[in-house]
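Visitor: Here's a structure for you.
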Amino acid sequence: MAISMSSASLPVFKAMLGNLTHLLDKGQAHVEARKLDPAALLQFRLALDMLPLTRQVQIACDAAKNCMARVSGVDAPRFEDNEASFPELRARIQKTLDYLEKVPGDSLDGREENDVVVPVGRDGTRTMKAEAYLKHWALPNFYFHITMAYAILRHNGVELGKSDYLAGKKT
């Protein structure tokens, strides 16, 4: 049996957004324990031409919600990109998870060959088949921004390991 679009996307997005929340929890605990300015960590970037931690989280959320909207053919909710604290970023992730909970799997399945138009740069677009978009654009972009968030936190001394990235909060 072939893997479905819904099984290849929804659970992946949900799990990794949960793990991202866990990473942010550890980041906030780190700055609180050391009495650091949270804004310094939230605005930290690994290179001058890279986006800061806050934008990495925002874009990861956008990648998940926009992928589901583009594949299913419905509009995604718009978020203002004004988060400036750990609690606000966690709320952004939760809003994204709440949206993903409302996406029915059958609105994704069977749409593999549908065209998806993706904005590229400031004025361009790219058209791809939905399955290719999910596999080769949306998921890699999603993972990239979560990985960058992890790397920023880790670079700044937050005690994170591979299990935090892959499994999130240990139960």
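The numbers here are math on the coordinates, done by the rules we state, and not lab data. What you are looking at is a predicted structure, and each value in this text was computed from that prediction instead of being measured. We place every Cβ from the backbone using ideal geometry, glycine too, and count neighbours over all the protein chains shown.
Visitor: Could you please find all residues in the range 27-42 being exposed (fewer than 15 other Cβ atoms within 10 Å of the Cβ) and of a type outside the set (Asp, Glu)?
Guide: Ala29, Ala33, Arg34, Lys35, Leu36, Ala39, Ala40
Visitor: Now for a separate question. Can you list the helices (runs of 4 or more DSSP H) found entirely within the range 107-171 that contain at least 1 residues being over 17 Å from Ser9 (Cα atoms)?
Guide: Qualifying helices (runs of 4 or more DSSP H): 139-155, 162-167.
Visitor: Any residue in the range 75-89 that is surrounded by 12 or more Cβ atoms within 10 Å (Cβ to Cβ) sitting within a Cβ distance under 7 Å of a residue that is assigned to a loop (DSSP other than H, G, I, E, B)? List the pairs, counting only those 6 or more apart or interchain.
Guide: Leu89/Glu83
Visitor: Can you go through Gly110, Gly168, Gly73, Gly161 and tell me which one is of a type in the set (Gly, Ala, Ser) and in contact with a helix residue (DSSP H, G or I) (Cβ under 7 Å, 6 or more places away or on another chain)? So that I can check it myself, show each step before the final result.
Guide: On the way: Gly110 fails: in contact with a helix residue (DSSP H, G or I) (Cβ under 7 Å, 6 or more places away or on another chain); Gly73 fails: in contact with a helix residue (DSSP H, G or I) (Cβ under 7 Å, 6 or more places away or on another chain); Gly161 fails: in contact with a helix residue (DSSP H, G or I) (Cβ under 7 Å, 6 or more places away or on another chain).
Answer to the check: Gly168.
Visitor: What's the number of the condition Met68 fails, among (1) surrounded by fewer than 16 Cβ atoms within 10 Å (Cβ to Cβ); (2) touching a Leu at 6+ places or on another chain (Cβ under 8 Å); (3) not hydroxyl-bearing (Ser, Thr, Tyr)?
Guide: That leaves (1) as the condition not met.
Visitor: Also: Which numbered condition in (1) of a type in the set (A, V, I, L, M, F, W, C); (2) part of a loop (DSSP other than H, G, I, E, B); (3) free of Cβ contacts under 8 Å to residues at least 12 places away in the same chain is the only one that Ala8 fails?
Guide: Just one mismatch for Ala8, condition (3).
Visitor: Scan the range 64-86 residue by residue and report those that are within 14 Å of the chain's Cα centre (by Cα) and among the β-branched types (Val, Ile, Thr).
Guide: none
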